[in-house]
Structures are given as C-alpha cells and as structure tokens.
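Trainee: Quick one: structure below, then a few questions.
The values are calculated or read from the model by the stated rules, or taken from the named source; none is laboratory data. Since this is a predicted model, take the numbers as computed values, not measurements. Just the protein is used for accessible areas: all its heavy atoms, side chains included, with ligands, DNA and RNA removed. Shrake-Rupley method; radii C 1.70, N 1.55, O 1.52, S 1.80 Å.
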Amino acid sequence: MLTPVLALVVAVLIGGLIVALMGKSPLTAFRVFILDPLTDPWAMQEVLLKATPLTLIAIGLLFCFRASRWNIGAEGQFLLGGICGGGVAILAHGMTGFWILPAMLIAGALGGLAYAAIPAVLRTRFGISEILTSLMLVYVADLLLDYLVRGPWRDPKGFNFPQSVAFSDSAVLQPLFEGGRLHAGLLLALAAVLVAFVLFRRTLFGFAVSASGDAPRAANFAGFNESRITVLVFLISGALAGLAGVVEVSGQVGQLRPGFGQGLGFTAIIVAFLGRLTPAGAGLSAIVIAVLLIGAESAQVTLKLPFDLTRFFMGLLLLCVLVGESLNRYRLEIRKGGA
Amino acid sequence: MDMLPLILATIFTAATPLLIAALGEHVVERAGVLNLGVEGMMIVGAATGFAAAVLSDSSVFGLLAGALAGMALSAVFGVLVIFFATNQVATGLALTILGLGLAGLIGQNFVGQPRGAIAAIEIPLLKDIPVLGKAIFTGDPVFYLSLVLVALVAFGLNRTRIGLLLRAVGENHTSAHSLGLPVRRLRFWAILFGGLMAGLAGAYLSLIYTRFWSPGMSAGRGWIALALVVFAAGHVWRLVLGAYLFGGITVAQLHAQAGAIALPSQLLSALPYLMTIAALLVLSLSGRKGGGAAGSLGQPFVPER
C-alpha cells in the first residue's frame, strides 16, 4: 500500500519541478491538477466518469500482467468495443426497445474479445510475440474507426464532419440520478472489481493465472496449461476493454467519432501497475489517474499547460512505481567493482 | 524510366530510420535486454534534433543532439532495468509514454516550421551507373552512415572480443557472471548504444525524411523497428532486407494513395502494420520459431541473491 503512494509523491515532486522549469507555479498546478477535481462536486462526477473505463480496462489487464502475458494493445480492443457496440446503435438508429443497450454491450465485449484473440492465438499457435502484434493492431483499429466515420457510418446530415449519427435515447446509458451524469457503467466497473477480487482470492483459475506468471515451470508441473491460460487472459482483458469502449461511446460520447479512445487503453496500463496488479488497487488507482486527467483538462485551459505534460507525467509515474516495486523486492547494495 | 531511381531513393530514405533504430535495438537484444522504449526514444530524438537544428541553424548539430537525447533517455531505462532490476517490458513501455509527452513539450514551439534539405553526397563515377547509381550514390550523409553502421555492428558482434562478450552475456547471464564478465556494465553500454541509434533515427525522420516536426510523427516506426529485430532472428543482413522491404511498402502505399486506386486510404495506411504481423507469421511458418532471440532476453539479472 505504501509503495505506490510513495511513488506518486516522488512523481508529483519531480512533476512540480518540471512545471517550475516551464515558468509556472508548481503550487497552482498542484491545486488545479489534484485539489480542484477532488473538492468540486461537478469535477468529482467527471472523475468517476473517467475512472469507469480505466477501471474496466485495468481489471482486464491484471489478468494478463499477473500471468506475465503482455497485452499492450488494450487501446485497440477498447476502440473495437466502441466500434462494434456503436455499430449496433447505428444499425438500430430510430428504433426503440429495451434490447438495444444489452445488445450493444454484448457486441462491444465480443468485439474487444475477438480483437484480443488475434495476438493470443498468434502467440500460442505460432510463437509470435504478443507485445508487437497487440500493439500493431492498435494502429489498425484507429484507422478502421477513421474509415468507418468518414465512410459508411458518417452522419449524412453531419455537414461532412467525420462522425456518426448521434445515438437515439434507447442506445444511450441513461444517468443514474436526475440531473447527474453518472451512468450504469460505474456499476459495471464496480462489479468487475468485485468479480476479479473473488476470482483471484477464491478460485483455482485465479491461482493458475498468478502461478503461471510468477513461476511458469512450477505452473506447468502443476498441470496448468500454458496456452490455455494465455488465451483466457487475453480474452478476458479484450472483453473488458471492449466493454469499456462501448460504455464510453454510449455513456459519454453518444456517437462514434475519431479519437474517442483518448489513449485510455494505454493509461490503463499505468493504472494496473499503480494498483500493484490487484483488483481493489486498480479501482483506487483509476480514481487517482482520473483526478490527474480531469485536472489536466482544466490545466490546459487555465494554466495553458499542454496535455503533453500530463503524458510525460504518466510515464514518469509508471517509472517511479516500477522502481518502488523493485526496492520492495530487493535490498539495494552499493559496492565498488561489482558486476 | 526516370522515375525508378527516384522511387528507389525514396525507399531508401523511408527505410533508413527503421534500419538505424533496429540496428541499435539488435545490439541491445543480443545483450539480453528488451527495450520497448524505441518509439519513445525515437520521437524525443526527432523533436530534440529538430529544435536543436533550428536553434543552431545546423542540421548536423541537430542530428547529433537528437542522437544524444535518445541516449539520455536510454540511460534512464538502463539505470532502472540494470541497477533496479525493474520489469523490462513495463519499463520500456513507460519510456515510450514518457517520451511521447516529452517530445511534445520539446517540440511545441517548432510545429510547422520548415527546414531546408541537408546536402546530398554524390559519389563521382559510381553515380553514373544506370538506375542504381542515381538511387544509391546520391544519397544523404546519414544514409551512407547507416550502411557503415550495418557493417560495424555485424563485424563488431561477430568478429570482435567485445561482441563475443556481449553475446555471451545475452545468451546466459548467470554463466557469464560466473565467468567473471561484467554483465551489468556490458548491458548498460549496449542500452546506451541502442538509445543513440534510436535518437539518430528520430532526428533523421524530422530533419531528412519529412523536414518538419509534428507531434506523434514517429507513427509506430519504433515498434516496427522492434519487429524487424525479431524478423532478423539474429542476422544483421536480414535487418537490412527487412528495413528496405518495409521502406518499399511505405512508399508503395503512399504512391497508391496518391494514384487513383479504389481502396480506402485507411486500408493502405494500415498496410505497414498488417505487413509487420504478416512478416512475423511468415517467419514463424518457415520454422524459425523464436530461434533467433538471445537466451536470457528480457530476464532481469540480479547477482548472488
């Protein structure tokens, strides 16, 4: 629990130094980035909205990372989820019915799942690095979305803007409270945390996943099938990323348009590590990272601090977390003439 | 037939950054380290190189600055994975995320500024060879440098003592350590070399290939370079082949987009990424499953626990 907190503190200190170097007040930046989103009720709602997809994706990634399988293409699976779920909404445009939303969610999850199956199968059947294939598919998903919203799915009345029609009401996740913006996606994220928690704590499958990451040879001897675990963790993380994608499209954006991914699939990697690869940790870290992202949005306007600063900070934070994990595991010894 | 040498020359220009970055990563992976930060080091090299070239009004200084920026970033990676034994995959990924942000910060005041071409070097006599002469022997200085680097890396890894030690460390770090080899120091040097190359490749992109800076301009080239290293399966000459093949695909899809081909432009843009996967698949089907990777690739080394 202490390690990620310390890592966060160190990253914030270094970040403050960079802000000072850019000629801005670090204290003001601290207020805008961290305090304001936490104190303003409107901003807090935005934080939870941002934390929803982050939690869903990160929970999925936990399964991969715990098993030392490196799915770094969650961004692509997120986009595919949005595309498939959004596709249902576009095809059902103008219709009403309680079936539309569930169909969208299922289509989104299946889309992400199918997209994640590609690197998984390439790895288990052909021994191809899942790192490279899952990442290459992010660029492909990005271009597919671009093609769809400029081509077949473009809103005919949209003044040629690259975007789909606005979804009708029965394809939009409705607010949970009157006048608020929080939608049922938040409940899905909470459910994912709970289910993952139980899976890792109470089931053989959760144990097999962790074991095959921590001690692959031992896991083999115990009879856990390596290929099956690879495919399963990829399918789980793909389905959750896809679900996050359709939740984002249906609950936040209300249509398909380029760039709805916002790099959340990559940010979720940081969320997973900041949460020390535990389900509850992922939920908490998703909120921390969401605070920073919402802070970054207002810092762009009020302090004219570019979003690249936030990107830089995210990388820095991940580095600090990784060093923290190492210091936890090993004792650092400084010796002269060591190897 | 005046088009052919021109097209060949653009293929070489498109391939050179891939080749340089892949050469660097090849050495890193021979030493048993997987640095997934190539994309990040490359884009920081591109931004720093461009900014330095504009400020000093010297493209040569820009290339140097870009290379050094890449190396500085790789030093961070090196310290973390070598001395703190952090997870290499996650650390490399963090480096890429950090690099993309850092490059945006460095380059923010230079977006859209044009930059003149760097003078080509024409080699007398050789450049008069039909077709190939004009394509190969009127290139930019870094193109020639990349060929020299290919020879140096191939010779260095296979024919020198330091290359042998580096490969020994990569193949089995525990054995190398028990033989008294300075595993961590050798790996650190290899990582720095990889950063230098990735930075140079990035500076080549912004100063010679496109001649302007735009955010995110590396567009996955660092990742393609990583794939090339897998594709090369330990052979430097296959690195060259792979890089020029990809240069060819890039140029072909650009020409197809400019011409009237009835395919969506996005599909053509996706070709380099799809071809990367296809190339890895072909490699695997030809029965060289993971054959080329160094024995202890990606494993953290912690002496005497």
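Trainee: For the stretch A:55-261, what ratio Rg/Rh do Cα atoms give with a Kirkwood hydrodynamic radius?
Mentor: Radius of gyration over Kirkwood radius for the stretch A:55-261 works out to 1.03.
Trainee: Kindly give the semi-axes, whole Å and largest first, of the ellipsoid equivalent to the stretch B:1-156, taking each as the square root of 5 times a Cα gyration tensor eigenvalue.
Mentor: The answer is 32, 21, 12 Å, longest axis first.
Trainee: Mind running the shape call on the stretch A:189-339? Use the C-alpha gyration tensor, a ≥ b ≥ c as the square roots of the eigenvalues: rounded below 1.5 for a/c, prolate if a/b tops b/c, oblate otherwise.
Mentor: Verdict is oblate for the stretch A:189-339.
Trainee: Just to be sure I follow: if Rg is taken over the C-alpha atoms of the protein assembly as shown and Rh is the Kirkwood radius over the same atoms, what is Rg/Rh?
Mentor: A ratio of 0.96.
Trainee: With runs of 4+ DSSP H residues as the only contributors, calculate the mean residue ellipticity of chain B at 222 nm using -39,500 (n - 2.57) per run, divided by the residue total and rounded to the nearest 500.
Mentor: Value at 222 nm, helices only: -22500 deg cm²/dmol.
Trainee: If you find the alpha carbon centre of the stretch A:256-287 and of the stretch A:312-336, how far apart are they in angstrom?
Mentor: The two parts, judged by their Cα centres, are 20 Å apart.
Trainee: Quick one: the Cα spread of the stretch A:16-55 along its three principal axes, in angstroms, biggest first?
Mentor: 34, 20, 9
Trainee: For the stretch B:173-305, what value does the Rg/Rh ratio take when both radii are computed over Cα atoms and Rh is the Kirkwood radius, given to two decimals?
Mentor: Radius of gyration over Kirkwood radius for the stretch B:173-305 works out to 1.06.
Trainee: Can you pull a Stokes-Einstein diffusion coefficient for the stretch A:1-84 at 4 °C (1.567 mPa s), Rh from Kirkwood over Cα pairs, as a whole number of µm²/s?
Mentor: Result for D is 82 µm²/s.
Trainee: Moving to a separate point now. What base-10 log of the normalised intensity I(q)/I(0) is obtained for the stretch A:90-198 from the Debye formula, alpha carbons as equal point scatterers, at q = 0.20 Å⁻¹?
Mentor: With no solvent term, the Cα-only Debye profile gives -1.21.
Trainee: Something else now. Run the helix sum for chain A: -39,500 (n - 2.57) per DSSP H stretch of 4+ residues, divided by residue count, reported at 222 nm to the nearest 500 deg cm²/dmol.
Mentor: Computed ellipticity for chain A at 222 nm equals -23500 deg cm²/dmol.
Trainee: Give me the distance between the Cα centres of the stretch B:192-263 and the stretch A:108-130, rounded to whole Å.
Mentor: With the stretch B:192-263 and the stretch A:108-130 each reduced to a Cα centre, they are spaced 25 Å.
Trainee: Does anyone have the angle between helix B:38-56 and the longest principal axis of chain B? Alpha-carbon axes, 0 to 90°, nearest 10?
Mentor: Between the helix axis and the principal axis of chain B, the angle is about 60 degrees.
Trainee: Along the stretch B:62-75, what does the Karplus equation 6.51 cos²θ - 1.76 cosθ + 1.60 (θ = phi - 60°) give for ³J(HN,Hα), rounded to whole Hz, x for Gly and Pro?
Mentor: Values, residue by residue: x, 4, 5, 4, x, 4, 5, 5, x, 5, 4, 5, 5, 5 Hz.
Trainee: From the Cα gyration tensor of the stretch B:50-112, with a ≥ b ≥ c the square roots of its eigenvalues, which class applies: rounded if a/c is under 1.5, or else prolate if a/b is larger than b/c, or else oblate?
Mentor: Oblate shape, in that a/c is at least 1.5 and b/c is the bigger or equal ratio.
Trainee: Does anyone have the angle between helix B:236-258 and the longest principal axis of chain B? Alpha-carbon axes, 0 to 90°, nearest 10?
Mentor: It works out to around 40 degrees.
Trainee: Another question about this same structure. At 18 angstrom or more along the helix axis (alpha-carbon based) and mean Kyte-Doolittle of 0.5 or higher, what helices does chain A contain? Whole DSSP H runs only.
Mentor: The qualifying helices are A:2-21, A:41-66, A:74-91, A:100-126, A:130-150, A:185-202, A:226-248, A:279-302, A:307-329.
Trainee: List the accessible area buried at the contact between B and A, summed over both sides and calculated with a 1.4 Å probe, in Å² to the nearest 100.
Mentor: 3900 Å²
Trainee: In whole Å, what are the Cα extents of the stretch B:210-273 along the three principal axes, biggest one first?
Mentor: Projected onto its principal axes, the Cα set of the stretch B:210-273 covers 39, 27, 18 Å.
Trainee: Kindly identify the stretch A:94-158 as rounded, prolate or oblate by the Cα gyration tensor criterion: order the square roots of the eigenvalues as a ≥ b ≥ c, call it rounded if a/c is under 1.5, otherwise compare a/b with b/c, prolate if a/b is larger, else oblate.
Mentor: oblate
Trainee: Give the angle, between 0 and 90 degrees and rounded to the nearest 10, that separates the Cα long axis of helix B:265-285 from the longest principal axis of the Cα atoms of chain B.
Mentor: 40 degrees
Trainee: Further question: Please list the non-local residues whose amide H lies under 5 Å from the amide H of A:Leu305, H modeled 1.01 Å from N, same-chain partners needing a gap of 5 or more.
Mentor: Those lying under 5 Å, H to H, from A:Leu305 are A:Gln300.
Trainee: Tell me the carbon and sulfur percent of the accessible area for the stretch A:55-261, rounded to whole percent, probe radius 1.4 Å.
Mentor: 65 percent
Trainee: Shifting gears a bit: In terms of modelled amide H atoms, which long-range or inter-chain residues lie less than 5 Å from the amide H of A:His183?
Mentor: A:Leu176
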